[in-house]
1. Rounded to the nearest angstrom and ordered from largest down, what semi-axes does the equivalent ellipsoid of segment 104-153 get from its C-alpha gyration tensor (root of 5λ)?
2. Nearest 20 debye, what's the magnitude of the dipole of segment 209-258 about its Cα centre given +1 on Lys and Arg Cβ and -1 on Asp and Glu Cβ?
3. I'd like to check one number: the per residue accessible area of the chain, probe 1.4 Å, reported in Å² as a whole number.
4. How far is it, in nm, from the label point at residue 256 to the one at residue 320 when both lie 7 Å from their Cα along the line to the Cβ?
5. Counting only protein heavy atoms and a 1.4 Å probe, tell me what percentage of segment 1-94's accessible area is made up of carbon and sulfur.
6. List nothing, just return the count: lysine pairs in segment 205-323, 8 or more apart or interchain, with Cα separation under 18 Å.
7. Using only the C-alpha atoms of segment 206-282, find the volume of their convex hull and express it per residue in Å³.
8. I'd like to know how segment 231-327 sits against the 2.2 N^0.38 Å rule of thumb: what's its Cα Rg over that expected value?
Amino acid sequence: MSEQSEKLKILVTHPATPQAAIDLLSHDYEVIFCQSVPPIRSEILEKCKGVDAVLWASHLPLDKGILDAIGPQLKVVSTRFGGTDFVDVEEFKRRKIPLGYTPCVQNDAVANMAVGLLLAAARRFHEGRLKIETNNWETYTQNWMLGQDFRNSVVGFYGFGGIAQTIAKRLSGFDIDSVLYTTRSRVSEEIEKEYNAKKVDFDTMLAQSDFIIIAAPLTKETAGVFNATAFGKMKKTAVLVNIARGGVVNQQDLYEALKTNQIFAAGLDVMTPEPLPPNDPLLSLPNIVLMPHLGSATKRTREDLAVLAAKNILHGLTGKPMPAPAY
Ligand SMILES: O=C(O)C(=O)CO
């Protein structure tokens, strides 16, 4: 048998995976790629047969069907994402297949996106541009297009993990008053002290926050919790930002809340579905800022994500504990 055919095979499901990660993987292994952009399940199902490891680089479902197609020789899979909502983690556990993911690496980039969206929505960036485009520039009216103040405001977080804390760190420079957060379990006293943060129930966070940032994973418990009832409990001046997953928000209800000025504005980096169709009603609203899921889209972050995923795979292939196991 030639040396080449003895090498274990790693499938990388996106052709544009950063070279630094491919260099790590190809040192001792044979790396094969899917070529379709966007990635398509049928190509993955075809190419994954018989591979020993997979670097999963899309939000396509990573499920039983894929694991069946790969075969019993599979030793490890790593995604290059912080969220695992598209992965059947229970099936990995059942089959005892090591699964890696890439938390923390994207905290800075996603936090920066959140702050950008918060400012843009609170200070009406999108609406302002529309005013210029439609020749409705009325600065002379003094009270025209007033936005929301950050100074002395209360910022509410739904989820208070690494990304939320990185956002809170940035917002401390905006002279905010305090942070409220809603999570299943309380963070440490040190962290609470660092961000002047207090754990409160969901309704209190909704009612008392001037700005609300969704930074929780999408699970059965979090799906659709930002619905008409929740919007009804928020301040009319409130600004909502979502950098987590679109499914945490009931989008039809959000549309109504923004259309009727029940809340002031929103900024979304994630939505349902993705891609959002260009005729979606949300796009007709002046008081929403929309980004096409670019939270982690900086050169360095994408490279760091791929390198961590590659390290997960290398550890998995040699039977060592992964730097970032998903379970
Ligand atoms: O890492 C993830 O899960 C992302 O969606 C980044 O935006």
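The values are calculated or read from the model by the stated rules, or taken from the named source; none is laboratory data. Here the structure is a predicted model, which is why all the values come from computation and not from measurement. Note that each Cβ is placed from the backbone with ideal geometry, even for glycine, and that neighbours are counted across all protein chains shown. Quick note on the areas: whole protein, heavy atoms, side chains included, nothing else; ligands and nucleic acids left out. Shrake-Rupley method; radii C 1.70, N 1.55, O 1.52, S 1.80 Å.
1. Details: eigenvalues 163, 44, 4 Å².
Those come to 29, 15, 4 Å.
2. Numbers: 5 positive and 4 negative charges, 13 e Å.
Charge dipole of segment 209-258: 60 debye, to the nearest 20.
3. Working: 16190 Å² over 327 residues.
Each residue of the chain exposes 49 Å² on average to a 1.4 Å probe.
4. With each label placed 7 Å out from Cα toward Cβ, I get 5.5 nm.
5. Details: 2430 of 4460 Å².
Ligands and nucleic acids excluded, carbon and sulfur give 54 percent.
6. Numbers: 233/259; 235/259; 236/259; 311/320.
Final tally of qualifying lysine pairs is 4.
7. Details: hull volume 6.2 nm³, N = 77.
Hull volume over Cα atoms, normalised by residue count, gives 81 Å³.
8. Numbers: Rg = 18.5 Å, N = 97, 2.2 N^0.38 = 12.5 Å.
My calculation over the Cα atoms of segment 231-327 gives 1.48.
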